[in-house]
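Engineer: The structure under discussion is supplied below as structure tokens; questions concerning it will follow.
The values are calculated or read from the model by the stated rules, or taken from the named source; none is laboratory data. Every value quoted in this text rests on a predicted model; they were computed, and no experiment measured them. With ideal geometry, Cβ positions are generated from the backbone for all residues, glycine too; neighbour counts draw on all protein chains shown. The area values use the complete protein model at the heavy-atom level, side chains included, leaving out ligands, DNA and RNA. Shrake-Rupley method; radii C 1.70, N 1.55, O 1.52, S 1.80 Å.
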Amino acid sequence: MTKRYRTTTTNTANTTGSTGLRTGAILAGIGLAASFLYVRAKTKQAERDNPPQGNFIEVDGVRLHYLDRGTGPALVLLHGNGVYSKDFEITGLLQRASEHYRVIAFDRPGFGYSERPRSTVWTPDKQAALLHRALEQIGVESAIVAGHSWGTMVALAMGLQQPDFVRGLVLLSGYYYPSIRLDVATMTQPAVPIVGDLLRYTVSPLISRALWPGMAKRTFSPKPVDKRFDAFPVWMALRPKQLRAAAAETAMMIPSAASLSKRYAELKVPTVIVAGTQDKIVDAGHNSERLSERLALSQLELVPGVGHMSHYAHPDKVMAAIDAIAAQVGEPMHMRTPEAEALARASESGV
């Protein structure tokens, strides 16, 4: 009797455990399905509310979206990771620059409305080559290239590849040398095949939305989050395809910087480097100051009390850097600020 009782108890426990697992799996499945439907709805709504405002061009089978504003010497703007060309628009920098330049702001591959085929590993060199061919197709013969954050690596790669095309570089809050980064371990999952695909269509956008205010605060710190950034369409950045691009670029940061840093001494184009002294995303000393020491034709502009978003904090300094490059390479300029004049004189004197 005792033996038969114990067997019955064990079987009952096993049945209860199996039922619990099945219930848990069903609830998890329902939760994922609900997340998928919610993310899909938010993605469609974001794209309805923020349709493409620029032009499309196909290069080597890749469809790229870009904004093209103004007339004059060509200026190319390359955004950082996680955002898209809209970032330059809401700062007012695009409009301001277009008063004197033909400004071309790309959605880099995978961001905004540009494609990012999985058949290619989109290193800075690959992106630079693609965007250079796109610029040639739209009739740009030479350009000043300005990049922010991850975009600085693409700008540097283009300067190294095409020194006759790139008239000069303006590098804002860039990451130039490898260093230990916690975000590589915590933010790359959406780029992993299969598992990452499941996450980025379900829970990753929801988690990222919850973390967005904190990430924005850290990015702008020590200054408060700029009010203009409130106009950035958050769910455009949380769409599954853009989360994959952002995760892939986070994973590539260290190897990309390691590869590029071996070639900086080869750079032959004038460069202005702008960085906030209190950047909590990219250390200015390890990156911008070090790069300035390495480049023969560079001017360093450190901005006290500013974090990673230097183009929001001081767009006047960014414009001064662009104008200084234009003056140095002989581009016709009808108006230059005193800051641009000072930067130009410093570059010419080798200070």
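Engineer: In debye, nearest 20: dipole of the range 215-268 around its Cα centre with unit charges on the Cβ of K, R (+) and D, E (-)?
Structural biologist: Its charge dipole is roughly 40 debye.
Engineer: Cut-off 16 Å, label point 7 angstrom out along Cα-to-Cβ of residue 179: give me the residues of the range 269-294 whose amide nitrogen falls inside.
Structural biologist: Under 16 Å, as judged by backbone N against the label point of residue 179, lie 274-294 of the range 269-294.
Engineer: So what J values fall out for the range 290-304 if you push phi through Karplus, 6.51 cos²θ - 1.76 cosθ + 1.60 with θ = phi - 60°, rounded to Hz, Gly and Pro as x?
Structural biologist: For the range 290-304, the Karplus-derived couplings read 5, 5, 4, 5, 7, 8, 6, 10, 10, 10, 9, 10, 8, 10, x Hz, x marking Gly and Pro.
Engineer: Which ³J(HN,Hα) values in Hz, rounded to whole numbers, follow from the phi angles of the range 88-93 under the Karplus curve 6.51 cos²θ - 1.76 cosθ + 1.60, where θ = phi - 60° and Gly and Pro get x?
Structural biologist: Rounded to whole hertz, the list is 6, 6, 6, 6, x, 5.
Engineer: At a Cα cut-off below 21 Å, give the lysines reachable from residue 227, other chains included and same-chain residues fewer than 8 away excluded.
Structural biologist: Output for residue 227: 86, 217, 280, 317.
Engineer: Same structure again: Taking a ≥ b ≥ c as the square roots of the Cα gyration tensor eigenvalues, with a/c under 1.5 meaning rounded and otherwise prolate when a/b beats b/c, else oblate, which class fits the range 38-158?
Structural biologist: Values: a/c = 1.65, a/b = 1.19, b/c = 1.38.
In terms of gyration-tensor shape, oblate.
Engineer: Accessible area per residue of the range 228-289 at 1.4 Å probe, in Å²?
Structural biologist: 34
Engineer: Defining a contact as two alpha carbons under 8 Å apart and six or more residues distant in sequence, what relative contact order in percent does the range 104-254 show?
Structural biologist: 25
Engineer: What shape does the range 206-317 have by the C-alpha gyration tensor, where a ≥ b ≥ c are the square roots of the eigenvalues, rounded means a/c under 1.5, and otherwise prolate means a/b greater than b/c and oblate the rest?
Structural biologist: Judged from the Cα gyration tensor, the range 206-317 comes out oblate (a/c at least 1.5, b/c at or above a/b).
Engineer: For the range 103-240, what class follows from the C-alpha gyration tensor (a ≥ b ≥ c being the square roots of its eigenvalues): rounded when a/c is under 1.5, otherwise prolate if a/b is larger than b/c, else oblate?
Structural biologist: Prolate, because a/c is 1.5 or more and a/b exceeds b/c.
Engineer: A follow-up question, please. What aspartates and glutamates sit close enough to residue 126 to cross-link, taking a C-alpha to C-alpha distance under 13 Å and skipping anything fewer than 8 places away on the same chain?
Structural biologist: 60, 249
Engineer: To continue, here is another question. Roughly how many percent of the accessible protein surface of the range 42-165 is carbon and sulfur, given a 1.4 Å probe and a whole-percent answer?
Structural biologist: 41
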